[in-house]
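Asker: The structure's right below; bear with me while I get my questions together.
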Amino acid sequence: MRPDLEREYVEYVRARLPRLHRTAYLLCADAYQADDIVQATLTALYVNWKRAAGADNLDGYVHRIMMRRYLDERRRGWSKVLLGDRLPEQSTPVDQAVEERDALVTALRSLPRGQRAVVVLRYFGDLSVEATAEALGCSAGNVKSQCSRGLAALREALGERHPITVVQGGRDRS
């Protein structure tokens, strides 16, 4: 790769890496798998950087790569294999924020993949309906309906103990 293209790639990745990690983690709820997904995404992006850099919506392009890598990981049989003779011990939550995060991640895991992807990209990745539709390769109407169903399922799963508030356009909507 030419030095100027490589510099652009490094700048892009440096600016987006924390957000990509957060998005991947919210999709799979496993820090190590999230690292693998982000690494595979960035590798694919590097290989295709010359073409990707010319995309109209580079973030949407990268999110689409990430969603495909996430789905590829889910399809692999070896990802369900436990290497060891027992499960690791679960740590106890230290404070309320940890409990809330754990409840949210558990509720996100209970959603079907499509709803989870839409909710994560829209509300944690802060993408518009159109950008989410482009990243997932579906229509804006599909994004809206999946998002509505996903938020309803999250509200039901979390109950009154952990209310969900969606902030849009400076207004809170519960």
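Asker: I'd like to compare 121-128, 28-35: which one has the highest average count of other Cβ atoms within 10 Å, and what's the full order after that? Before the final figure, lay out the partial values.
Answerer: Values: 121-128: 19.1, 28-35: 15.6.
In decreasing order of mean packing, 121-128, 28-35 become 121-128, 28-35.
Asker: Now a separate question. What is the spin-label model distance, in nm, from residue 102 to residue 156 if the labels are put 7 Å beyond Cα along the C-beta direction?
Answerer: 2.5 nm
Asker: Between residue 46 and residue 58, what is the label-to-label distance in nm when each label sits 7 Å out along the Cα-to-Cβ direction?
Answerer: My value for the distance between the label points is 1.7 nm.
Asker: Further question on the same structure: Applying a 10 Å radius around every beta-carbon, put 129-136, 6-13, 51-58 in order of their mean neighbour count, most first. Could the numbers behind the result be given before it?
Answerer: Values: 129-136: 20.4, 6-13: 14.0, 51-58: 12.4.
Ranking the peptides 129-136, 6-13, 51-58 by packing returns 129-136, 6-13, 51-58.
Asker: Which percent of the accessible heavy-atom area of segment 1-70 goes to carbon and sulfur, probe 1.4 angstrom?
Answerer: Ligands and nucleic acids excluded, carbon and sulfur reach 50 percent.
Asker: Here's another thing I want to ask about it. Report the extension gain between residue 75 and residue 139 in nm, rounded to one decimal, defined as 0.36 nm multiplied by the number of residues separating them, less their alpha carbon distance. Don't skip to the end; give the middle numbers.
Answerer: Details: separation 64, 0.36 × 64 = 23.04 nm, distance 2.39 nm.
Taking 0.36 nm per residue and subtracting the Cα distance, the gain is 20.7 nm.
The values are calculated or read from the model by the stated rules, or taken from the named source; none is laboratory data. None of these values were measured; they are calculated from a predicted model. Please note: Cβ atoms are built from the backbone with ideal geometry, for glycine as well, and neighbour counts cover all protein chains shown. For accessibility, only protein heavy atoms count, side chains too; no ligands or nucleic acids. Shrake-Rupley method; radii C 1.70, N 1.55, O 1.52, S 1.80 Å.
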